[in-house]
Amino acid sequence: LAYGDAAYCAEWYSIALHPTNPNIVLLGDEHEGRILRSADGGLHWRVVFDHPKVFASDFRMRHGFKDIVFAPSNPQVVYAGMRRESRNIDEGKADPSFGIYKSTDAGLTWKECNDTRIANENINALAVDPRNENIVYAATVKSGIFKTVDGGKVWQPVNQGLQVLDIRSLALDPNNPEIIYAGAENGGIYKSTNGGARWEHTGVGMDPMASVRAIAIDPTNPEVL
């Protein structure tokens with residue numbers, strides 16, 4: 001692989017744009033466990049993280065960063081969640097992955113951000129409280145949703161009311177981060193109004209077995225999804 005003017009990888013998993021500096025962009029690939037960073041709007045790239053236990057040449061060791069999220073209240077803080085390659089997930093295997101990593105310098109350097117509960121999880125999606133960089137939700141393939149309130153030192157499952165534990169998407173109400181939406185694989189959409197303490201199925205009018213892999217909230221009207 002060559003980096004510099006261009007970013008070369010077979011498949012991409014995620015992209016994140018700095019919320020106040022559009023020149024800073026982060027990319028996560030699917031197979032090689034790498035995060036790339038550009039500081040000039042994508043003209044040049046460099047690898048800022050390369051997981052030592054991931055090898056794209058071995059199909060058993062392919063992992064990537066499925067989601068990368070800047071903390072809106074402090075963009076120096078970034079969270080990134082790892083997952084096995086899509087084929088492994090789609091075949092229903094979901095062998096262990098490497099959980100979550102965190103940067104405190106806008107993506108320049110990274111450290112593991114796990115406890116024993118989440119260290120081996122496949123992470124589908126992340127959501128950071130818009131007012132508090134230390135409150136983060138993580139959606140997993142087999143274990144539902146985890147929440148941290150201390151920046152990733154301790155993660156607790158918050159699954160009360162969920163009937164499906166393969167959660168593929170998350171979205172927080174920008175005006176009230178206690179309101180959270182979660183999209184399930186073959187399970188429709190769930191909503192919590194108390195920071196994940198309890199979830200209710202909220203897909204009236206939608207196929208209850210729909211796979212919801214992305215949720216977008218209208219920033220000008222959070223009632224619209």
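The values are calculated or read from the model by the stated rules, or taken from the named source; none is laboratory data. Since we're looking at a predicted model, the values are computed, not measured. Using ideal geometry, Cβ is built from the backbone for each residue, glycine included, and neighbour counts are taken over all protein chains shown. What goes into the accessible areas is simple: the full protein's heavy atoms, side chains included, and nothing from ligands, DNA or RNA. Shrake-Rupley method; radii C 1.70, N 1.55, O 1.52, S 1.80 Å.
Here are the numbers for the structure shown:
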{"quantity": "Verdict on residue 43 being touching a Leu at 6+ places or on another chain (Cβ under 9 Å) and free of Cβ contacts under 8 Å to residues at least 60 places away in the same chain", "calculated": "no"}
{"quantity": "Scope the range 186-205; condition of a type outside the set (S, T, N, Q) and open to solvent by 30 Å² or more (accessible area, probe 1.4 Å); matching residues", "calculated": "191, 197, 198, 200, 201, 204, 205"}
{"quantity": "Selection from the range 206-225 of residues that are open to solvent by 80 Å² or more (accessible area, probe 1.4 Å) and touching a strand residue (DSSP E or B) at 6+ places or on another chain (Cβ under 6 Å)", "calculated": "213, 214"}
{"quantity": "Number of positions in the range 61-81 that are assigned to a loop (DSSP other than H, G, I, E, B) and among the hydrophobic types (A, V, I, L, M, F, W, C)", "calculated": "2"}
{"quantity": "Single residue of the range 45-60 satisfying the filter (touching a Lys or Arg at 6+ places or on another chain (Cβ under 7 Å) and outside any loop (DSSP other than H, G, I, E, B)) that is most open to solvent (accessible area, probe 1.4 Å)", "calculated": "46"}
{"quantity": "Strands (runs of 3 or more DSSP E) enclosed by the range 82-166 - at least 1 residues per element that are open to solvent by 20 Å² or more (accessible area, probe 1.4 Å) and in contact (Cβ under 8 Å) with a residue 24 or more places away in the chain", "calculated": "100-103, 145-148"}
{"quantity": "Matching residues in the range 169-207 - criterion: being acidic (Asp, Glu) and under 17 Å from the mean Cα position of the chain (by Cα)", "calculated": "173, 185"}
